Amino acid sequence: MQINKIMSYTFDKEDLKQIDAIKAKYPTVQSATMPVLWYAQDKFGHVNAEVQHLVATTLDIPESHVHGVATFYTQYYKKEMGKYVLDVCTCFSCQVCGGYDMLHYIEDKLGIKAGETTPDGKFSIQEAECLGACGYAPMLQVTNDVYVNHLTKEKIDSMIDGLKEDKLPEYEEILPPQLISKD
Amino acid sequence: MPEIIIDDKKFTYDTPGKVLPFILDHGMDLPFFCYHPSLSIPANCRQCLVEIGTPVFDRATNSFKTDENGEKVIQFFPKLMTACSQDMSDGMVVKTHVSSEKVRRAQKDTLEFILVNHPLDCPICDQAGECPLQIQTYKYGPEGSRFEYKKVHKPKRIQLGPRVVLDAERCINCTRCVRFTHEISKTYQLSIVSRGDKNYPSTANGKEFDDAYSLNTVDICPVGALTQADFRFKARVWEMNQTPSIDITNGKGTNVDLWVRDNLVLRLTPRHNPHVNDYWMPDSSREAYRLFNENRISRPEIKLDKELVKTSWNNAKETIAEIIEAHDTKEVLVLGSGYASVEENFVFNQFFTALGCGKASFVPHVVEGAGDGFLLTDDQAPNTKGCELLGFRAHTNRTFKNALAKATVVVVLAEDIVGRELANAEDLAGKTFVYFGTNNNTTSKDAQLVVPITCAAEHAASYVNVDGRIQRTFAAKETVYTSRATNLEMSTGRLDRFGTKFDNWRTDKNKVDCLPVWEFLSELAPRLNQTLSYETGKEVLTAVSSSVDAFAGVDYDKMDTEMGVVLSTPETEEKTA
């Protein structure tokens, strides 16, 4: 976060090499828009207007196209976000299983609303649409990465404590019901 | 010839194509939003869904399967198909809303979905009255909405660019505007942003939508999402009348419609002409309405004590006659103009050569680099070619200066010679300068006598574009001396037909006191013992076509039916050969 602020948005030689490798995978440059946006988000932490402009000029494609793609996907962050982005699902299944309770609990705990970032730049909360884990509702996703399933207040507490020490939650293996032994 | 059956009626076609345009071209109706004949086909609005079936081909017998009556067995696609993207094929059977309940239901349901988040602000929306969404909802839509929840709110009144305003809530995401910037103007400035029910077209991150053709997106927008900043809230469309005309701001001769209310041209829109401009026109051409409305010369003006004052038409005629009589006609410089029509230039030249003056000349107005190879041309005047074909000598700026220096009397038609810096006040000092013009400008200010003439919106006259195509205008605005009620060629809107002078929502104030050049000179002719008598541009063009070879066989009827006529000039001959 601190690094991002002083960074001017440019790709260095190594980046351009990587981007060329990405471009080589596709028949048209336009197809490389998404992976290059990912690459940029990995580097800068977000793809705001300046980064979109950088991606467009680097790939030599219309900026409006990059903007359209970036705004289509919620996983691309269009503004600076906290180090850990908590995407709390409030879609149908999670909603009926208490998704909003979990969201509000996190909001109260961190003292920010959904769509905001904590002043220390550590956490952002987003209200997300279905993340395809209805069987484990309610759930959230940490920075486009780990799913935290079957949320409870205790689980959230330990997750946030862990993240404060930069410890990502473990991947959870959840078996389908028929494979879970009844005893 | 392959045939296609639409609603139990048989049609034959010889050129392959899509089903929707075929239906529309044959006078039948089918609602659609996203389809546009000059753009790619995304089939995203789903409004043109129809039932489509094809005859079943039996490979074993190498023939079509038939039923017990000997009729071909038709197998229908399991789902409704979009007519806009479906290629026609021999024996295809199409059922539209005329014959299919399923299609009627689909049209109704699609519209209900489109209207879920569409604001019901037709009463304050500029598109109302010419809105496909409004029209089709009346014709095919559900009678009410079952959607009782809060509609999605999106950005409103966004100034996308200098000329286009966006209301994202009204947008139905047909992507016509996006496709226009990708396929026609090729600036790629627009894209659909965000997704789901929150999406709308926009430029990238607050960039300006300053495409030189941006206003075409307003024309093709099937709802009121994109509106023209200039025209917003000026008039309801049904209050205006619509007159076909020609763009006079450059040499391309883009076909346009003038929209007039209370004798003011409120907007220009492109008129389809596949030979010239297709469905499009440049933004700069739409500014022409200012030329038609603003700063017009009304009533002749004469210079008294270095000050132009209004005078009578009789005085104007008498003054010109006296000027001619007082000078050697050899010393008169007669300057025509690419900014005036063929008719005006012809009569102007005919009148003054008959008096013994030298043949009219003109100074072409070409700005290198102003053209873009599409609808903008280097040539700034609408009728440069016309002047050339009339045999006018084309001056360069230098030869014009020389000619000007030699003359004692200068008669100028429409050309803003001072504004174009062809001459300055000193060059004109000591000369008798008569200006025939439409608008007040620096040239009219320096004239001894100013004769107000009709502009392209006030007379029917023709212009020859850079490609040698002659096309004509129709009178759209009344002058003090013309009337829609008696000139049957002028179009009338509801206000013109049903309004009275007592209505406070309409006015007769905007009529300009001017005359067509041919009419003024015809009135002046007897005073100088000349015979010249033209009442209309049509008569003048008849004279032109019979006396100038390049215009042979051209008349208004031919121009009207053939969307302009390509004249046989050396260049066009070369092209066809």
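Structural remarks
- Helix A:153-164 axis, angle to chain A major axis (alpha carbon atoms, nearest 10°): 40 degrees
- Against chain B, whose longest principal axis is taken from its Cα atoms, helix B:537-547 shows a tilt of about 70°.
- At R0 = 30 Å, FRET efficiency that the Cβ-Cβ distance of A:Gln30 and A:Cys130 yields, to 0.05: 0.60
- In degrees, nearest ten, helix B:101-116 long axis to first principal axis of chain B (Cα): 60 degrees
- For region B:236-284, taking Cα atoms only, Rg and Dmax work out to 11.1, 32 Å respectively.
- In this label model, B:Ser99 and B:Asn69 are separated by 1.1 nm, measuring between points 7 Å along each Cα→Cβ vector.
- Approximate spin-label separation A:Glu170-A:Asp108, in nm, with each point projected 7 Å along Cα-to-Cβ: 2.9 nm
- Förster radius 35 Å - calculated FRET efficiency between B:Asn424 and B:Ala321 (Cβ-Cβ, nearest 0.05): 0.80
- Scattering profile of region B:242-381 at q = 0.15, 0.22 Å⁻¹ [log10 I(q)/I(0), Debye over alpha-carbon scatterers]: -0.97, -1.28
- Cysteines of chain A lacking any other cysteine Cβ under 4.7 Å from their own Cβ: A:Cys97, A:Cys134.
- Environment charge at B:Asp210 (Cβ cut-off 15 Å; Lys +1, Arg +1, Asp -1, Glu -1): -3
- The phi torsions of region A:98-110, fed into the Karplus equation with coefficients 6.51, -1.76 and 1.60 and a -60° offset, translate into couplings of x, x, 5, 4, 5, 4, 5, 5, 5, 4, 5, 5, 8 Hz, rounded to whole numbers, with Gly and Pro shown as x.
- Cys residues of chain B that find no other Cys beta carbon under 4.7 Å: B:Cys48, B:Cys84, B:Cys122, B:Cys125, B:Cys131, B:Cys171, B:Cys177, B:Cys221, B:Cys357, B:Cys387, B:Cys455, B:Cys514.
- Its alpha carbons give chain A an Rg and a Dmax of 18.5, 60 Å.
- Contour minus Cα-Cα distance for B:His275 and B:Glu130 (0.36 nm per residue): 49.6 nm
- Surrounding net charge for B:Ser99, when Lys and Arg each add one and Asp and Glu each subtract one, Cβ distance under 11 Å: 0
- Cβ-derived FRET efficiency at R0 41 Å, A:Leu179 paired with B:Thr15, nearest 0.05: 0.10
- Net +/- balance of residues flanking B:His182 in space, Cβ distance below 12 Å, scoring K and R +1, D and E -1: +1
- q = 0.14, 0.16, 0.17, 0.25 Å⁻¹: log10 I(q)/I(0) that the Debye formula gives for region A:86-170, counting C-alpha atoms only: -0.40, -0.52, -0.59, -1.35
- Going by neighbour counts of Cβ atoms within 10 Å, the residues A:His46, B:His459, A:His104 line up, fewest first, as A:His104, A:His46, B:His459.
- Sequence-separation-based contact order of chain B, relative, with Cα cut under 8 Å and 6+ spacing, percent: 11 percent
- Projecting the Cα atoms of B:Thr203, B:Gln159, B:Pro222 onto the charge dipole of region B:117-228 (Cβ charges, centred on the Cα centre) puts B:Thr203 farthest toward the positive pole.
- Value at 222 nm in deg cm²/dmol, rounded to 500, when DSSP H runs of n ≥ 4 in chain B each add -39,500 (n - 2.57): -6500 deg cm²/dmol
- Working from label points 7 Å from Cα in the Cα-to-Cβ sense, the B:Arg527 to B:Lys156 distance is 5.9 nm.
- For region A:2-72, the Cα gyration tensor yields ellipsoid semi-axes of 19, 15, 9 Å (square root of five times each eigenvalue, largest first, whole Å).
- For region B:136-215: rounded, prolate or oblate by the Cα gyration tensor [a/c cutoff 1.5]: prolate
- Histogram of C-alpha separations across region B:122-262, 10 Å bin width, %: 11, 36, 36, 15, 2, 0
- Extension gain for B:Asn510-B:Ala212 works out to 104.2 nm (0.36 nm per residue, less the C-alpha to C-alpha distance).
- Signed unit charges on C-beta, dipole axis of region A:2-72, positive-most listed residue A:Pro27, A:Gln52, A:Thr10: A:Pro27
- Residues whose amide H lies under 5 Å from that of A:Tyr84, counting only those 5 or more places away or on a different chain, are A:Phe123, A:Ser124; hydrogens are built 1.01 Å from N in the peptide plane.
- Over region B:117-228, relative contact order from alpha-carbon pairs under 8 Å, at least 6 apart, %: 32 percent
- Here, P(r) means the percent of Cα pairs in each 10 Å bin from 0 to the largest distance; for chain B it is 3, 15, 22, 22, 17, 11, 7, 3, 1, 0, 0.
- Gyration tensor verdict on the protein assembly as shown (Cα atoms; rounded if a/c is under 1.5, prolate if a/b is larger than b/c, oblate otherwise): prolate
- For B:Val164, nonlocal amide neighbours, meaning residues 5 or more places apart or on other chains whose placed amide H falls under 5 Å from its own, are B:Ala229.
- Note on region B:179-216 and region B:92-122: Cα centroid distance 27 Å, given to the nearest whole angstrom.
No value in this document is a laboratory result; all are computed from the given coordinates. Everything numeric in this text was worked out from a predicted model, so none of it was measured. Counting neighbours? That spans all protein chains shown, and the Cβs are built from the backbone with ideal geometry, glycine included.
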